[in-house]
1. Restricting the search to segment 48-61, which residues are aliphatic (A, V, I, L, M) and outside any helix (DSSP H, G or I)?
2. Condition (residue is assigned to a strand (DSSP E or B), at pLDDT 90 or above, surrounded by 10 or more Cβ atoms within 10 Å (Cβ to Cβ) and touching a helix residue (DSSP H, G or I) at 6+ places or on another chain (Cβ under 9 Å)) applied to segment 17-33: is it met by at least one residue?
3. Mind checking which residues of segment 82-91 are modelled with pLDDT under 80 and surrounded by 14 or more Cβ atoms within 10 Å (Cβ to Cβ)?
4. In the set 64, 69, which member is assigned to a loop (DSSP other than H, G, I, E, B) and at pLDDT 90 or above?
5. Scan segment 56-81 for residues that are surrounded by fewer than 14 Cβ atoms within 10 Å (Cβ to Cβ), within 23 Å of residue 21 (Cβ to Cβ) and in contact with a strand residue (DSSP E or B) (Cβ under 9 Å, 6 or more places away or on another chain) and jot them down.
6. Looking at segment 34-47 only, could you name the residues that are farther than 21 Å from residue 21 by Cα, outside any helix (DSSP H, G or I) and out of contact with any Lys or Arg (no Cβ under 6 Å at 6 or more places or on another chain)?
7. Go through segment 39-55 and count every residue that is over 15 Å from residue 87 (Cα atoms) and crowded, with 17+ Cβ neighbours inside 10 Å.
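The values are calculated or read from the model by the stated rules, or taken from the named source; none is laboratory data. Treat the numbers as computed from the prediction; the structure is a model and nothing was measured. Reconstructed Cβ throughout: ideal geometry from the backbone, glycine too, with neighbour counts over all protein chains shown.
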Amino acid sequence: MTLQITTVDSFPQITRSGRTSAELQQIIDSLVESSKTGKTFMISNVEEGKKFNSLQQRIRAQAKKMELKVMIHFDKTEGNLYYKSPLQAGKMTEVTAKDIKTVKTSPKVKA
């Protein structure tokens, strides 16, 4: 089999429109509920290190996409990750992962 290589006029944008995991949808749903009710959510059995960092980043990224503030605390002794979004009356209705497109990030300025 030979490769078919051709030239193109433009480079495609990178998109993440793939399938959404059930875990990610649970995070989105819990953030929406927390912003409406003020409830605190907990993920148990979180290992300190990579798993904690990954979950924390996913929660923060989803909150940022929905323009929500989020508070995250980790209990090392119990291995529980707690998070909540302060009440945001009237801010969110129903959100699915496919409704969340991109996160704008600004470059960090070093002084």
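1. Taking segment 48-61 first, the residues aliphatic (A, V, I, L, M) are 55, 59, 61.
Correct list: empty.
2. To start, the set of residues in segment 17-33 that are assigned to a strand (DSSP E or B) comprises none.
No; the residues of segment 17-33 include none that is assigned to a strand (DSSP E or B), at pLDDT 90 or above, surrounded by 10 or more Cβ atoms within 10 Å (Cβ to Cβ) and touching a helix residue (DSSP H, G or I) at 6+ places or on another chain (Cβ under 9 Å).
3. Matches in segment 82-91: 88 only.
4. Numbers: 64 fails: assigned to a loop (DSSP other than H, G, I, E, B).
Residue meeting the stated conditions: 69.
5. In the first step, residues of segment 56-81 are kept if they are surrounded by fewer than 14 Cβ atoms within 10 Å (Cβ to Cβ); the result is 57, 67, 69, 71, 73, 75-78.
The next check asks that each one be within 23 Å of residue 21 (Cβ to Cβ); those that pass are 57, 67.
Result: no residue meets the conditions.
6. In the first step, residues of segment 34-47 are kept if they are farther than 21 Å from residue 21 by Cα; the result is 35-40.
From what is left, the residues that are outside any helix (DSSP H, G or I) are 38-40.
Within segment 34-47, 38, 39 qualify.
7. First pass over segment 39-55, keeping only residues over 15 Å from residue 87 (Cα atoms): 42-55.
Imposing the further condition that a residue be crowded, with 17+ Cβ neighbours inside 10 Å reduces the set to 43, 46, 52, 55.
Residues that pass the stated criteria total 4.
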